[in-house]
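Only one structure is covered here, and it is reproduced in the block below.
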Amino acid sequence: MSGMGSAEGIPGFQIEGKGEDGMDRGILTLSVGPQHPGSGHFRLVVKVDGDIIVEALPDPGYVHRGEEKMCEYRNYIQNIPHLERPMIADSCGILYPYVLAVEEIANIPVPERAKYIRVMMAEINRCIFELYWLGIYGIFLGHSTMFMWPMADRELLIDLAEMASGARVTHAYFVPGGVRNDIPDAFPEKARRHLLYFRNRLKEYRDIFYDNPLFQARTVGVGVLSREDAINLGATGPVLRASGVDHDIRKVEPYDVYDELDFDVVTMKEGDSFARAYVPWLEMYESVEIALQALEKMPSGPVRTKLGPNPKGAVGEAFKRVEAARGELAYYLVSDGNPRPYRVKLSVPSFREIPVMAHLLRGAKLADMPSIYWSMNYWPVEADR
Amino acid sequence: MGSVSGMLKTLASGSKHLAIKRFTLRYPEQKLRFVGDGYQFDPKEGVGIAGYRGRHILYHDKCTGCQLCSIACEGIAEAISMVKVDKQYKQNKKGIMPQIDYGKCVFCGLCVDACPFYALFMTDDYELAAYTKEHLIYTPDQLAVKPKYQGTYEIKVDELGAYHDE
């Protein structure tokens, strides 16, 4: 390794440490990102000893946009479009707790039908997100078919979301007091058709992806997160459930009408990359089930409480959390009685996966990095807010 | 599962799709059909009417120049500015109407929610590409034109799989 001394001047490429024989041990410091195609706008400073990662230091913050501060300068309605930007693939999920918090702080009643529509849209959005993530996970493990199939099937669900809300992504559909507009008359029938077809398609993912020996070779037993570590490091969502912890906000603290719907919380014991990829797939079955049940039980009636153009919050605070596609997503909202919030705090699941990621990458092989990184369901833009 | 049998199963599952119709929509020869005439809002009921959120349509005979759409957009995209129009309307004494910059618009439709006079709605038209930034700015006269968008295709689901068809 001493022959590589010429590279020592290059930032991010350092060789440090001497072995017992006086030779360089050859611990390399590599910067993965922030422009790495596999990481998004996010840097991982990785120290490798040969092929083994000695230490991984996540370095987030490249796409910080000050969402929380922006909230303080906009009224409760104007906050809606920019708050879904951190996670456009799951825009209903990230907007949901905000809407719930504003409803609590401004004491806005919600019509029953709107609650069902919101639950249904949140579940459709969960599937849209999981498919998007699964497609990227597939392509980064070299499985092109697994990129194309979820992207195509996602189109079926995007079509539903677009029919209801009018936009393919960034729906801006949830508002304090319900939803923006009622679903069209033709929606329930089309939704049932698409969701049932989608559920059949999910079985084929298992044949081509999860049962594929190539995928299993890269994920089974890779990046094992024990139950204790998952709890201690604050993991959330599918990562936590893949390690055997039965924790889902939809069950623990039901919001809207989740307590009236029948569904299971999916858990697995293994805690490896395979389990973290398998849990979202099982959860999509539950999501389809919830969406179909919500369609079935949906009462008729109004969908939005009529508000003034500029609703004011009462003096006080609200804390609301929901189970977004990536895990627990919480908003803490403080109001001083003005039409604008005094303080908005987002607690996002992606940020909470950073310590887990650092923990799992320590001691892993460098070639296993994509498999561990993407199984974390980490989204830099959401983590940086 | 054994390596070989797993591989064979994977191959078999993929090759089934040789007999299934292709899902791809051949845009721009084929275009999607949307529900309704674009997103609209009923200020009396306080609720929207489902539809695609594409470019806006402005009804000159109803716009009063109240600037509520522009105020709604202020904290969102700052895409709407109020400009003078040549023609005089009796409901619009100031003679100002919204001009929308589609380089900035995020198509959230909250300006439509803000309009109390049924003057600003959205349409199916999403084909707004232009050669220069200036061409993305739509004047009140351009916004008054009804778009010619005609999509006829939609997703069909049957035993052959999902595909786009008329």
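Throughout, read-outs are computed from the coordinates displayed, never taken from laboratory work. Computed from a predicted structure; not experimentally measured. Methodologically, a virtual Cβ is constructed for each residue, glycine included, from the backbone with ideal geometry; neighbour enumeration extends over all protein chains shown.
Do any trypsin sites (Lys or Arg not before Pro) in segment B:1-102 lie in a loop, going by DSSP, with at most 10 other beta-carbon atoms within 10 Å of their beta carbon, and if so which?
Taking segment B:1-102 and a limit of 10 other Cβ atoms within 10 Å, the loop trypsin sites (Lys or Arg not before Pro) found are B:R26, B:K44, B:K87, B:K90, B:K93.
Just from its helices, what would the mean residue ellipticity at 222 nm be for chain A, if runs of 4 or more DSSP H residues each count -39500 (n - 2.57) and the sum is divided by every residue, rounded to the nearest 500 deg cm²/dmol? Provide the component values of the computation, followed by the final result.
Working: 15 runs with 167 residues, N = 385.
The helix-only estimate for chain A comes to -13000 deg cm²/dmol at 222 nm.
Take every residue in peptide B:49-59, count the Cβ atoms of other chains within 10 Å of its Cβ, and give the average of those counts. All intermediate terms of the calculation are to be shown ahead of the outcome.
Working: counts 5, 13, 5, 6, 9, 2, 0, 0, 0, 0, 0.
Mean shielding by partner chains, rounded to a whole number: 4.
Could you work out the helix-only [θ] at 222 nm for chain B, with each DSSP H run of four or more residues adding -39,500 (n - 2.57) and the total divided by the number of residues, to the nearest 500 deg cm²/dmol?
Values: 4 runs with 29 residues, N = 166.
Counting only the DSSP helices, I get -4500 deg cm²/dmol.
Please report how far the C-alpha centroid of segment A:118-182 lies from that of segment B:130-166, rounded to the nearest whole angstrom.
20 Å
List every DSSP H helix in chain A whose Cα atoms extend 27 Å or more along the helix's own long axis and whose mean Kyte-Doolittle hydropathy is at least -1.0.
Membrane-span-like by this rule: A:112-140, A:144-165, A:273-297.
I'm checking a number: the convex hull volume of the Cα atoms of the protein assembly as shown, normalised per residue, in Å³. What is it?
Here the figure is 185 Å³ per residue.
Would you tell me the mean number of C-beta atoms belonging to other protein chains that fall within 10 Å of each C-beta in B:9-18, as a whole number?
Values: counts 6, 10, 3, 2, 10, 5, 0, 3, 4, 0.
Average neighbour count from other chains, rounded to a whole number: 4.
Which whole-number percentage describes the relative contact order of chain A, with Cα contacts under 8 Å and a sequence gap of 6 or more?
Working: 741 pairs, mean separation 92.6, N = 385.
In percent, rounded to a whole number, it is 24.
Considering chain B as a Gaussian network with a 10 Å cut-off on Cα pairs, which listed residue, B:D42, B:D125, B:D113, attains the greatest mean-square fluctuation?
Checking each option, the largest mean-square fluctuation is seen for B:D42.
List A:F174, B:F117 from most exposed to least, where exposure is judged by having the fewest other Cβ atoms within 10 Å.
So the residues, fewest neighbours to most, are B:F117, A:F174.
Tell me, what is the FRET efficiency for A:D51 and A:D229 to the nearest 0.05, using R0 = 22 angstrom and their Cβ-Cβ distance as r?
0.40
Within a 10 angstrom radius of the beta carbon, how do A:R218, A:R326 rank from fewest other beta carbons to most?
Numbers: A:R218 19, A:R326 31.
Listing A:R218, A:R326 from fewest to most nearby Cβ atoms yields A:R218, A:R326.
For A:V252, A:V266, what's the fewest-to-most ordering of other Cβ within 10 Å of each Cβ?
Least crowded to most crowded, the residues run A:V252, A:V266.
If you build a Gaussian network model of chain B, linking Cα atoms that sit under 10 Å apart, which residue out of B:F23, B:F121, B:F107 swings the most?
Most flexible of the set in this elastic network: B:F23.
Could you order peptides A:66-73, A:101-108, A:126-133 by the average number of other Cβ atoms within 10 Å of their residues, highest first?
Ranked from most to least packed, the peptides come out as A:126-133, A:101-108, A:66-73.
So if R0 is 25 Å, what FRET efficiency would A:N200 and B:T152 give, r being the distance between their Cβ atoms, rounded to the nearest 0.05? Mind showing how you got there, number by number?
Working: r = 27 Å, r/R0 = 1.08.
In this case the efficiency is close to 0.40.
Per 0.36 nm of contour for each residue apart, how much would the distance between A:K345 and A:L214 grow if the chain were fully extended, relative to their Cα-Cα spacing?
Using 0.36 nm per residue and subtracting the Cα-Cα distance, I get 42.9 nm.
Using a cut-off of 16 Å between alpha-carbon atoms, which lysines can reach B:K44, once sequence neighbours fewer than 8 places away in the same chain are excluded?
By straight Cα distance, B:K44 reaches A:K306, B:K62.
How far is helix B:3-15 tilted, in degrees, relative to the longest principal axis of the Cα atoms in chain B, given as a value from 0 to 90 rounded to the nearest 10?
Approximately 50 degrees, to the nearest ten.
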